[in-house]
1. Through the Karplus equation 6.51 cos²θ - 1.76 cosθ + 1.60, θ set to phi - 60°, convert the phi angles of region 68-83 into ³J(HN,Hα) values in whole Hz; use x for Gly and Pro.
2. Sort Thr61, Thr98 so that the residue with the fewest other Cβ atoms within 10 Å of its own Cβ comes first and the one with the most comes last.
3. Highest mean first, what order results for 29-41, 71-83 on Cβ atoms within 10 Å?
4. With θ set to phi - 60° and the Karplus curve 6.51 cos²θ - 1.76 cosθ + 1.60, what are the ³J(HN,Hα) couplings of region 9-17 in order, to the nearest whole Hz, using x for Gly and Pro?
5. Quick one: the Cα spread of the chain along its three principal axes, in angstroms, biggest first?
6. With θ taken as phi - 60° and the coefficients 6.51, -1.76 and 1.60, list the Karplus ³J(HN,Hα) couplings across region 25-36 in order, rounded to whole Hz; mark glycine and proline as x.
7. Let me check against my output: what whole-number percent is the relative contact order of the chain, with C-alpha pairs under 8 Å and at least 6 apart?
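Only the coordinates and a few stated rules stand behind these numbers; no lab work does. Note that the coordinates shown come from a computational prediction; the quantities given were computed from them, not determined experimentally. All Cβ positions, glycine included, derive from the backbone under ideal geometry; neighbour counts span all protein chains shown.
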Amino acid sequence: MSTVAQTFQDMHAHFNPAAAVGLDKTIQINLSGEEGGKWAIKIANQTLTLIPGGVDQPDLTLTMSDENWLALIERRLNPMTAFMMGKIKATGDLPLATRVPNLFNMQ
């Protein structure tokens, strides 16, 4: 099982540049729990930049527990189901939220 820190370190390896064509957005992940914290993912020019600690004005903010984040990354939790059940809260650019699963090839 991965730790939250490992999942963010591995983010580059799972990034799908082809799905990011034309994107210039920042997605912030706010996690609660023992391994909680804030991380921002800046996507521009089909590249990904990880920003530990987050940013002041992300385009999209996803908020969830560290346990739900790990379940999502490990594909034990369906993103749409989690959103509908309130396990993930999204604010900001909601159409961008629907693109997030395609931006990362997670196993």
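1. Result, rounded to whole Hz: 5, 4, 5, 5, 5, 4, 8, 6, 8, 9, 6, x, 5, 4, 4, 5.
2. Ascending Cβ contact count within 10 Å gives the list Thr98, Thr61.
3. My ranking of the peptides, most packed first, is 29-41, 71-83.
4. 5, 7, 4, 4, 5, 9, 5, 10, x
5. Between the extreme Cα coordinates on each principal axis of the chain lie 33, 25, 25 Å.
6. 9, 10, 10, 9, 10, 10, 10, 9, x, 4, 9, x
7. Reported as a whole number, the value is 28 percent.
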